[in-house]
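The structure appears below as structure tokens.
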Amino acid sequence: MTDGPAAPPGLAASNGPAARRGTGSVVVTGTAVLSAYGRGTAALESGLLSGRPAFAPVQRFDVTARRVGVAATMPGSPDLLTEVTGAVREACDDAGLSPSDRARSPLFLAIHGDPAIARAAEADQPGLGPEAFTAAVAAGGGLGEQSIRCYMSACVAASTAIADAAAMIARGYADRVVVAGGYLVDSDQFALFDAGRVLAGDGQVRPFSAGRRGLLLGDGVGAVVIESQESARARRAPPLARLAGWGRTGDAYHPCQPDPEGHGMARAVTAALQRAGIAAEDLGYINAHGSGTGQSDRAETKALRIALGDAAGDVPVSSTKSLHGQALEASGVLELIVTLLAARKGMLPVNAGYLGADDDCRLNLVLGEAQAATLEFAMSLNAAFGGANTALVIGLP
């Protein structure tokens with residue numbers, strides 16, 4: 001288990017690795033989010049606690065030739081660059097960052113990429129690429145353009161970026177990093193998932209449930225400001241949560257399928273708990289990856305039983321993909337914010353769409369309606385094609 005990569009060029013902290021702080025010193029001081037429930041954390045929280053899934057017929061593009069025509073989307077045709085840049089600005093405002101603070105803050109951005117690039121002239125493609133997109137977001141948000149990273153590692157892109165940022169801060173290589181992610185449901189990805197027959201034909205995502213039919217896509221844009229406790233204290237910025245632990249692993253099993261025994265994800269969960277210095281019994285909630293597909297849900301259940309032992313039957317679990325949909329590269333930041341909101345509110349969102357028990361997915365699921373809880377620690381899990389797994393542990397300040 002390592003703390004993560006060394007600082008990249010342009011991100012070496014002024015106080016250097018000698019100022020290693022440790023994992024207990026990383027906090028979240030600002031958030032911004034939008035989803036099919038609307039803009040802002042209040043809209044997201046209200047939608048989640050209603051227990052009403054946000055799936056509806058797609059109006060953004062033509063789906064008449066598709067097997068499935070449902071997703072969780074905002075009205076209209078929002079522009080990804082505009083929305084991600086706006087989220088970065090809003091998160092920085094929420095954290096109380098001054099213009100000089102922002103200029104010294106690197107951007108780690110998780111995106112799928114601009115679907116227009118495939119149809120653009122070759123000479124125009126560099127301007128539509130991920131590096132150009134990330135640089136444009138950094139410039140629009142007033143951030144340090146010399147220290148940017150773009151993450152495109154599917155559904156763990158944003159959570160990997162968050163873990164990298166936390167590791168940099170804990171090791172003293174950075175004081176603050178802004179992490180953002182964005183995905184807006186587009187016709188190309190929709191067609192790809194539909195052709196692969198992984199979209200739920202009944203229009204609902206049913207994680208860990210008997211009768212589940214697959215996943216559904218959803219809009220998601222989010223940003224978080226992650227910094228050291230020292231930095232936040234110096235600015236008199238109250239932390240929203242501590243980023244207490246993180247773990248990242250790879251299955252090395254199959255290009256698309258997870259390890260059916262869940263060993264890779266189990267190692268990620270164990271690493272995050274160890275880094276946070278807590279036991280499985282200390283977790284008050286797990287926001288599961290819970291894609292609603294048969295193989296993934298079974299493997300995740302096995303992973304939790306390996307990593308948590310007897311506590312796997314006690315810790316409340318739900319997958320909010322059953323409410324806001326699968327936001328691909330943005331999932332990690334969207335679901336970290338969901339987990340943070342649940343912990344702070346003391347209300348755990350429901351695992352929607354549940355039809356009945358699956359003997360291979362025996363967990364303590366939050367069913368029926370949102371559940372009141374008092375907790376100190378919560379975990380957010382993500383997995384991706386290629387066998388990548390991430391686990392993030394937050395603690396209340």
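Per-structure values
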{"item": "Computed over the stretch 154-310: relative contact order in percent, which uses C-alpha pairs under 8 Å that are six or more apart", "result": "24"}
{"item": "The chain: relative contact order as a whole-number percent, Cα under 8 Å and 6+ apart", "result": "24"}
{"item": "Given charges at beta-carbon only (K, R positive; D, E negative), |dipole| of the stretch 27-174 in Debye", "result": "380"}
{"item": "Cα shape, the chain, gyration tensor, a/c 1.5 rule", "result": "oblate"}
{"item": "Per residue solvent-accessible surface (Å²) - the chain, probe of 1.4 Å", "result": "37"}
{"item": "Solvent-accessible area, 1.4 Å probe, carbon plus sulfur percent, for the chain", "result": "51"}
{"item": "Cut-off 18 Å, label 7 Å out along Cα→Cβ of Glu131, residues of the stretch 147-181 by amide N", "result": "147-153"}
{"item": "Relative contact order, percent, the stretch 287-340 [alpha-carbon distance under 8 Å, six or more residues apart]", "result": "45"}
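The values are calculated or read from the model by the stated rules, or taken from the named source; none is laboratory data. Source: prediction; values computed, not measured. We place every Cβ from the backbone using ideal geometry, glycine too, and count neighbours over all the protein chains shown. These area figures cover heavy atoms from the full protein model, side chains too; ligands, DNA and RNA do not enter into them. Shrake-Rupley method; radii C 1.70, N 1.55, O 1.52, S 1.80 Å.
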